[in-house]
Amino acid sequence: MNKNEFIKRRKTLCEKLDDQSFALLAAGQSKHKSLDQMYKYFPERSFYYLTGLKRENFILILAKNKKVNLDFIFIEEPSDFATKWLGRRMTKEEVSEVSGIDEQRIFYLHEFDDFIGKKLLLDSRHLILEHVPENIYLDMYRAGNMQKPISFLTFKKIINNYPELRIKNINEMIFDMRRVKSEEEVKEIRTAVEHTKHGIHSIFDYAKPGINEREFEATFEYNIKLSGSTGNSFDTIVAGGKNATVLHYVENDQKIQDNTMVLLDLGAFHNEYAADISRTFPINGRFTEKQANLYNLVLDVNKKTIKKIKPGIYVRELNEFAKDALADGMMKLGYIKEKSEILKYYYHNVSHYMGLDVHDVGTYTKKLEPGVVLTVEPGIYIEEEKIGIRIEDDILVTKDGYENLSKDIIKDIKDIEGYFNKKE
Ligand code: GLY
Ligand code: MN
Ligand code: MN
């Protein structure tokens, strides 16, 4: 992504801050796994959104007064030791090239305390704030769960230096921005969906009764990487038969028996942006009449819910519509007598936002607007019949309505059966 995109985002955010403020955002750290093992670092999403940087420990500061908005970043200092053990660290020049932050405002982390203590005040070299800063903005979303932002000691220093400082939460401002995607972001999501398409179609190529769920997981993850993805955007779900009635089934270790259906819920990443797709199909490539009836009900609700998407409606309306339509269909098929009984067979929402996070951020109390990307994923789960069906697409809200970003991933019965016939 071009650095101008990150410059623009920081500027937009700075404009929302109160005067005489500074904001502190941290890249976080990888988490401890066991003994001397760490989990792979997962870039803190909002930090990445504002900088394009994917390095642990970095700290971003946005300073704002009437005259000027300035951004500063603190990075790890390159050293021979770090290079030998962890790989080369980014130089100031490289950090500037990715993020668009002026090289003169890039410092090493050991300079942070001094900076926060003195330089943030009027400073002849870096004219930042005219008076003592009045507000500090921190991202306090689920603060307890998040990767460690800045150390307690550092924070204590800030408080000691500026006892009058008001602490404010910057989280909602950033989440609000992230909710509506730019063209650049949509481009990344399109590519993530394209990788996912390759992965799913490669599963169709490989499918036959008796296969273990984990073979599909491996096929998917191998093929999205061949397609250029960095990996899956969440734990891949491959659920044969009854396993498909567990929404977040991730064991993926059972054989898939003949005449059963398989539910795939998976997605690829591209440049940190996620796709999230579900497809369900009979392992032998031929739908039985019962499977087809249930499948066509879910498919019909998937398509009709997508068609309702346009600027001005609420996600809540999509939820209500899908639930009602599934209830209607299940009454017609004789599974339930009253609409309220649908909760036995359908027990999740139909949509969520998607972007840097698979379940992306942003309020659901606002109407949809162009640039919002969301999933549509109705499902029916019948434990006693060992069948679970979910069909999930990724949809971009446009000026006039919507665009289905995953329309090329096959889902109609005739296309699925046709694909399998061609293999034979
Ligand atoms: N993969 C989880 C979901 O579809 O929301
Ligand atoms: Mn999904
Ligand atoms: Mn989803």
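Please find, within region 369-392, the residue that is nearest to ligand 2 (Cβ to nearest atom) out of those that are surrounded by 22 or more Cβ atoms within 10 Å (Cβ to Cβ) and over 19 Å from P282 (Cα atoms).
My answer is T375.
Taking the condition of a type in the set (K, R), touching an Asp or Glu at 6+ places or on another chain (Cβ under 6 Å), exposed (fewer than 11 other Cβ atoms within 10 Å of the Cβ) and more than 24 Å from S46 (Cβ to Cβ), does K66 pass? So that I can check it myself, show each step before the final result.
Working: of a type in the set (K, R): yes; touching an Asp or Glu at 6+ places or on another chain (Cβ under 6 Å): yes; exposed (fewer than 11 other Cβ atoms within 10 Å of the Cβ): yes; more than 24 Å from S46 (Cβ to Cβ): yes.
When the stated conditions are applied, K66 passes them.
Please go through (1) touching a strand residue (DSSP E or B) at 6+ places or on another chain (Cβ under 7 Å); (2) of a type in the set (A, V, I, L, M); (3) surrounded by 20 or more Cβ atoms within 10 Å (Cβ to Cβ) for M38 and return the number of the only condition it doesn't satisfy.
(3)
Of everything in region 336-371, what is away from ligand 1 (no atom under 16 Å from the Cβ) and in a loop (DSSP other than H, G, I, E, B)? Give them in sequence order. Walk me through how you get there before you give the answer.
Here is the first cut: in region 336-371, the residues away from ligand 1 (no atom under 16 Å from the Cβ) are 336-345, 363, 365-371.
Once the filter is applied, which keeps residues that are away from ligand 1 (no atom under 16 Å from the Cβ) and in a loop (DSSP other than H, G, I, E, B), region 336-371 yields I336, K337, E338, Y345, T363, T365, K366, K367, L368, E369, P370, G371.
Every residue in region 359-368 that is crowded, with 18+ Cβ neighbours inside 10 Å and in contact with an Asp or Glu (Cβ under 8 Å, 6 or more places away or on another chain), please. Don't jump to the end; show me each part of the working.
Taking region 359-368 as the starting set, the residues that turn out to be crowded, with 18+ Cβ neighbours inside 10 Å are 360-362, 368.
Across region 359-368, the qualifying residue is only G362.
Given the structure, is S30 touching a strand residue (DSSP E or B) at 6+ places or on another chain (Cβ under 6 Å) and either surrounded by 20 or more Cβ atoms within 10 Å (Cβ to Cβ) or modelled with pLDDT of 90 or more (or both)? Explain how you work it out, then say what you get.
Details: touching a strand residue (DSSP E or B) at 6+ places or on another chain (Cβ under 6 Å): yes; either surrounded by 20 or more Cβ atoms within 10 Å (Cβ to Cβ) or modelled with pLDDT of 90 or more (or both): no.
It is false that S30 is touching a strand residue (DSSP E or B) at 6+ places or on another chain (Cβ under 6 Å) and either surrounded by 20 or more Cβ atoms within 10 Å (Cβ to Cβ) or modelled with pLDDT of 90 or more (or both).
Given the residues K208, K197, K255, K242, which is the only one that is under 19 Å from E377 (Cα atoms), touching a residue at least 40 places away in the same chain (Cβ under 8 Å) and more than 15 Å from ligand 2 (Cβ to nearest atom)? If you could, list the steps in order and put the result at the bottom.
Details: K208 fails: under 19 Å from E377 (Cα atoms); K197 fails: more than 15 Å from ligand 2 (Cβ to nearest atom); K255 fails: under 19 Å from E377 (Cα atoms).
Going through K208, K197, K255, K242 in turn, the sole match is K242.
Quick one: which residue in N212, N223 is closer than 30 Å to V98 by Cα and over 18 Å from the mean Cα position of the chain (by Cα)?
Working: N212 fails: closer than 30 Å to V98 by Cα.
One residue alone meets the criteria, N223.
Please work out which one of (1) more than 30 Å from F47 (Cβ to Cβ); (2) crowded, with 16+ Cβ neighbours inside 10 Å; (3) more than 16 Å from ligand 3 (Cβ to nearest atom) is the condition N421 fails and give its number.
If we test N421 against (1) more than 30 Å from F47 (Cβ to Cβ); (2) crowded, with 16+ Cβ neighbours inside 10 Å; (3) more than 16 Å from ligand 3 (Cβ to nearest atom), just (2) comes out false.
So, in region 258-274, of the ones that are of a type in the set (D, E) and away from ligand 2 (no atom under 16 Å from the Cβ), which residue ends up nearest to the chain's Cα centre (by Cα)?
The residue in question is E272.
If I filter region 38-56 for residues that are without any contact (Cβ under 8 Å) to a residue 12 or more places away in the chain and either under 27 Å from E5 (Cα atoms) or in a helix (DSSP H, G or I) (or both), do I get at least one hit?
Step one: list which residues in region 38-56 are without any contact (Cβ under 8 Å) to a residue 12 or more places away in the chain, which gives 38-40.
Next, only the ones that are either under 27 Å from E5 (Cα atoms) or in a helix (DSSP H, G or I) (or both) stay: 40.
Yes, there is a match, as at least one residue in region 38-56 is without any contact (Cβ under 8 Å) to a residue 12 or more places away in the chain and either under 27 Å from E5 (Cα atoms) or in a helix (DSSP H, G or I) (or both).
Given V315, V301, V262, which one is of a type in the set (V, I, T) and within 15 Å of ligand 1 (Cβ to nearest atom)? Don't jump to the end; show me each part of the working.
Details: V301 fails: within 15 Å of ligand 1 (Cβ to nearest atom); V262 fails: within 15 Å of ligand 1 (Cβ to nearest atom).
Matching residue, one of V315, V301, V262: V315.
With respect to T191, determine if the residue is farther than 29 Å from Q291 by Cβ, surrounded by fewer than 16 Cβ atoms within 10 Å (Cβ to Cβ) and touching a strand residue (DSSP E or B) at 6+ places or on another chain (Cβ under 9 Å).
Values: farther than 29 Å from Q291 by Cβ: yes; surrounded by fewer than 16 Cβ atoms within 10 Å (Cβ to Cβ): no; touching a strand residue (DSSP E or B) at 6+ places or on another chain (Cβ under 9 Å): yes.
When the stated conditions are applied, T191 does not pass them.
Which residues, counting only those in region 382-394, are touching a Leu at 6+ places or on another chain (Cβ under 8 Å) and within 16 Å of ligand 1 (Cβ to nearest atom)? Let's see the steps before the verdict.
Going residue by residue through region 382-394, those that are touching a Leu at 6+ places or on another chain (Cβ under 8 Å) are 382, 387-391, 393-394.
Selection gives G388, I389, R390, I391, D393, D394.
Please verify whether region 390-406 includes one or more residues that are of a type outside the set (D, E) and more than 29 Å from the chain's Cα centre (by Cα).
Quick first cut of region 390-406, residues of a type outside the set (D, E) only: 390-391, 395-399, 401-402, 404-406.
Cutting the leftovers down to more than 29 Å from the chain's Cα centre (by Cα) gives us none.
Checked region 390-406: no residue is of a type outside the set (D, E) and more than 29 Å from the chain's Cα centre (by Cα).
Kindly provide the set of residues from region 211-220 that are touching a strand residue (DSSP E or B) at 6+ places or on another chain (Cβ under 6 Å) and not in a strand (DSSP E or B), ordered by number.
Going residue by residue through region 211-220, those that are touching a strand residue (DSSP E or B) at 6+ places or on another chain (Cβ under 6 Å) are 212-213, 216-217, 220.
Those that are touching a strand residue (DSSP E or B) at 6+ places or on another chain (Cβ under 6 Å) and not in a strand (DSSP E or B): E213, F216, E217, F220.
Whether any residue in region 344-356 is more than 19 Å from the chain's Cα centre (by Cα), at pLDDT 95 or above and crowded, with 19+ Cβ neighbours inside 10 Å is what I want to check.
yes
Tell me, yes or no, whether region 323-331 has at least one residue that is hydrophobic (A, V, I, L, M, F, W, C), crowded, with 20+ Cβ neighbours inside 10 Å and within 16 Å of ligand 3 (Cβ to nearest atom).
no
Can you give me the number of residues within region 371-400 that are away from ligand 3 (no atom under 16 Å from the Cβ), in contact with a helix residue (DSSP H, G or I) (Cβ under 8 Å, 6 or more places away or on another chain) and farther than 20 Å from Y346 by Cα?
1
The values are calculated or read from the model by the stated rules, or taken from the named source; none is laboratory data. All figures in this text were calculated on a predicted structure; none of them were measured in a lab. Counting neighbours? That spans all protein chains shown, and the Cβs are built from the backbone with ideal geometry, glycine included.
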